[in-house]
Amino acid sequence: MGIVRTVLLVAFVIVCVLLVLLVLIQREDSNGMGGVFGGGQSAAFGSHSASVLTKTTGVLAAMFFVFAFLIALVNKGVDRTGDLGKAAAEIQETAPTVGEGASSGSWLDDVAE
């Protein structure tokens, strides 16, 4: 399962980066970030560049949601609290109690002194 998680996470990061770049490149009535890289009337991908960029952005957005749900499903069954519970139990066993001269860790202890 660790390999699947890693592959999904890498694919998710790649999709995220591509999606951000595509959104930044697109023009919105010559007011977008697309004007920064080339400006003017030139079309980088030909005369249908707006439709290609829009469709690609839609596909990447759909992939973003699919990967996000898949990562959530894969990580849903992972129980990471078991190790924390064991560590907390070990700490409580070795820590001195309040009656043995240790403070309770409360800010009220500092005020009372």
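Brief remarks follow.
- Qualifying residue in segment 77-85 (condition: in a helix (DSSP H, G or I) and at pLDDT 80 or above): no
- Hey, residue 99 modelled with pLDDT under 90, open to solvent by 70 Å² or more (accessible area, probe 1.4 Å) and more than 29 Å from residue 19 (Cα to Cα) or not: yes
- Residue within segment 14-23 that is at pLDDT 65 or above, more than 29 Å from the chain's Cα centre (by Cα) and either of a type in the set (Ser, Thr, Tyr) or open to solvent by 60 Å² or more (accessible area, probe 1.4 Å) (or both) present: no
The values are calculated or read from the model by the stated rules, or taken from the named source; none is laboratory data. Since this is a predicted model, take the numbers as computed values, not measurements. Ligands, DNA and RNA are excluded from the accessible area calculation, which covers all protein heavy atoms including side chains. Shrake-Rupley method; radii C 1.70, N 1.55, O 1.52, S 1.80 Å.
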